[in-house]
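Read the structure below first, then the notes.
The values are calculated or read from the model by the stated rules, or taken from the named source; none is laboratory data. What you see is a predicted model, and the numbers here were worked out from it, not measured in a lab. Note that each Cβ is placed from the backbone with ideal geometry, even for glycine, and that neighbours are counted across all protein chains shown. Keep in mind that these areas ignore ligands, DNA and RNA; they rest on the heavy atoms of the full protein, side chains included. Shrake-Rupley method; radii C 1.70, N 1.55, O 1.52, S 1.80 Å.
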Amino acid sequence: MSQTIQAVRGMNDILPDEAELWEQFEETVKSWLRAYGYRPIRMPIVEPTPLFARAIGEVTDIVEKEMYSFTDALNGERLTLRPEGTASCVRAVLQHNLLFSGPQRLWYAGPMFRHERPQKGRYRQFHQFGVEALGLPGPDIDAEQIIMCARLWDDLGLADVRLELNSLGSTEERARHRQDLIAYFERHAERLDADATRRLYSNPLRILDSKNPDMQAVIEAAPRLTDYLGEDSLRHFEGVQTLVKDAGIPFRINPRLVRGLDYYNLTVFEWVTDKLGAQGTVCAGGRYDGLVAQLGGKAAPACGFAMGVERLIALWRDEHGEEAVAATRVAPDIYLVHQGQAAQPLAFSVAEQLRGAGFDVLLHCGGGSFKSQMKRADASGAPVALIIGEDEAAAGEVSLKFLRRAAEQQRIPVGRLEEEIGKMIFEWEEDNGGV
Ligand code: ATP
Ligand code: MG
């Protein structure tokens, strides 16, 4: 016998119990996005490799070692499974000239691919919701994006997420800081690890983002970008802080918050939790005014963020407990049990009749005794089983049995089914405080 094939390491199946939880999560997120006027956009999962090299930067973890890239066998084009959504979103906006009709508030969702070491909260295929506002210079939109995140945590019942804020200033301010930073790290060259040494001249800001514990002391004492901010940058930063404070959202300024991607400027923020171990960032974003021009468009300001769905759902589980997770299980309204030649066509037509009336009906397939069918009915979680045997079929009736409460089984004529079942399910839901 040949061995069964397993999924690619770091790429997960999301099984039905979990997928139902995901759907509930996604519905909450979508209605939240509508509340802030964001519109959906869907981009391809595969893009030309140079898009990411140009948008994210050559000297970044993502472009250097995390991308799934391959050559199209037919035309030799270099292609990449998207590692994030911002680059694709901006490409689409430029390709279709969306900014022509004014600023755009857009969101997208879906799988992203990064070749990382798989561990809890870190996968090779993971999922993001991304939010981008293009054509708005801020700081109002920056603050609104932060405030909207806080509302989502509230909608999801997540108490344990805290906000970290920083400003990356302008290109010139970063350049001056960069010079001093390089000089500082040159003086401490013996304390840099291999990654940091390699990045010293190409992307020194990223050294501040290093997770290597041995480098934390040298990073802590490095020149701080905050001290290089000019008047405009400071005013922008203060504008964001004031609006966020007015909204009653506490935050911490973290001068070491620099983001992994090179196109960010001014505002950067992260939402972090202590409950997920090392993979504690559930949402990260900020301003990237340079990207549109870098991708060949007419310069336009932009601000956005991305949330890690796996991490948020893990946090949701952690905070609500497995009972709440079980309660998200979606059950049919009705399980339809039937047996016999004459019963089958009636079962099919009754099932369609009830679906047409808006009920979710699980029609038993595969035959079997009434007893075994009733076991399935019970396991389905449906409040009601409908039973059609030879007797019922001959009379044009259906037997109704409650599965979750004691009550007499009753016979209902097919013509009055919707009405009777509607009443009963309504009562059942009332008794159970809604489903
Ligand atoms: P990290 O420092 O954890 O690697 P990052 O800076 O690479 O994060 P971003 O590119 O900002 O992450 O992505 C936004 C969010 O997407 C992250 O905050 C996280 O919640 C999620 N995320 C990123 N990479 C992964 C991954 N490999 N697996 C699961 N979630 C991820
Ligand atoms: Mg990363």
The ³J(HN,Hα) series, computed from each phi in the range 240-249 with the Karplus coefficients 6.51, -1.76 and 1.60 at θ = phi - 60°, rounded to the nearest Hz and given as x for glycine or proline, is 4, 4, 4, 5, 5, 4, 4, 7, x, 9
Backbone HN-Hα couplings from phi across the range 271-277 [Karplus 6.51/-1.76/1.60, Hz, Gly and Pro as x]:
10, 10, 10, 8, 7, 10, x
For the chain, give the magnitude of the charge dipole about the Cα centre (Cβ charges: +1 Lys/Arg, -1 Asp/Glu; no others), in debye to the nearest 20.
1140
Where does the charge balance sit around Ile412 when Lys and Arg score +1, Asp and Glu -1, over other residues with C-beta under 13 Å from its C-beta?
-2
Per residue convex hull volume, Cα atoms of the range 169-285, in Å³
113
Note on the range 389-428: the mean projected area of its alpha-carbon convex hull, in nm², is 2.9
Of Tyr228, Leu200, Asn212, which is farthest along the charge dipole of the range 180-256 in the positive direction, counting Lys and Arg as +1 and Asp and Glu as -1 at C-beta?
Asn212
Percent of Cα-Cα pairs more than 15 Å apart in the range 95-135, please.
57
What order do Phe237, Phe426 take when sorted by accessible area (1.4 Å probe), most exposed first?
Phe426, Phe237
Tell me, what HN-Hα J-couplings in whole Hz come from the Karplus equation 6.51 cos²θ - 1.76 cosθ + 1.60 at θ = phi - 60° for each residue of the range 295-304, using x for Gly and Pro?
8, x, x, 6, 3, 8, x, 7, 8, x
Whole-percent tail of the Cα-Cα distance distribution for the range 176-215, cut at 16 Å, equals 21
Under a Cβ-Cβ cut-off of 11 Å, what is the net charge of the residues other than Ser233 that fall near it, where Lys and Arg count +1 and Asp and Glu count -1?
-2
Output needed for the range 87-190: three equivalent-ellipsoid semi-axes, defined as square roots of 5 times the C-alpha gyration tensor eigenvalues, in descending order, whole Å.
29, 23, 19
Would you work out what percent of the accessible area of the chain, with all protein chains in place, is carbon or sulfur (probe 1.4 Å)?
51
re the chain: pairs of Cα atoms spaced beyond 38 Å account for a percent value of 39
Residue-normalised value, i.e. accessible area per residue, for the chain at 1.4 Å probe, in Å², stands at 50
Mind listing the long-range amide H neighbours of Tyr68? Cut-off is under 5 Å, sequence gap 5 or more, other chains count too, H placed in the peptide plane at 1.01 Å from N.
Leu81, His115
Normalised per residue, the volume inside the convex hull of the alpha-carbon atoms of the range 249-288 in Å³ amounts to 88
Shape verdict for the range 1-49, please, from the Cα gyration tensor: rounded (a/c under 1.5), prolate (a/b greater than b/c) or oblate.
oblate
Using a simple spin-label model with points 7 Å from Cα along the Cα→Cβ vector, what separation in nm is obtained for Lys423 and Lys245?
6.3
Other residues with Cβ under 14 Å from the Cβ of Glu172 give, with Lys and Arg +1 and Asp and Glu -1, a net charge of -2
C-alpha center-to-center spacing [the range 239-296, the range 1-65] in angstrom:
20
Looking at the range 271-426, how many pairs of lysines come closer than 25 Å at the Cα, when each pair is eight or more places apart or spans two chains?
4
Want the number for Gln410 to Leu234: 0.36 nm per residue separation, take away the alpha-carbon distance, what's left?
56.0 nm
So what's the Cα pair-distance distribution over the range 363-412, bin width 10 Å, in %?
25, 56, 20
Hey, if you drop one equal point scatterer on each alpha-carbon of the range 299-410 and run the Debye formula without solvent, what base-10 log of I(q)/I(0) do you get at q = 0.15, 0.16 Å⁻¹?
-0.71, -0.77
Base-10 log of normalised Debye intensity for the range 64-144 (one unit scatterer per alpha-carbon) at q = 0.17 Å⁻¹
-0.86
On the first, second and third principal axes, largest extent first, how far apart are the outermost C-alpha atoms of the range 223-279 in Å?
38, 29, 21
For the chain: relative contact order, % (alpha-carbon pairs under 8 angstrom, 6 or more apart)
14
For the range 1-98, what is the convex hull (Cα atoms) projected area averaged across all directions, in square nanometres?
10.4
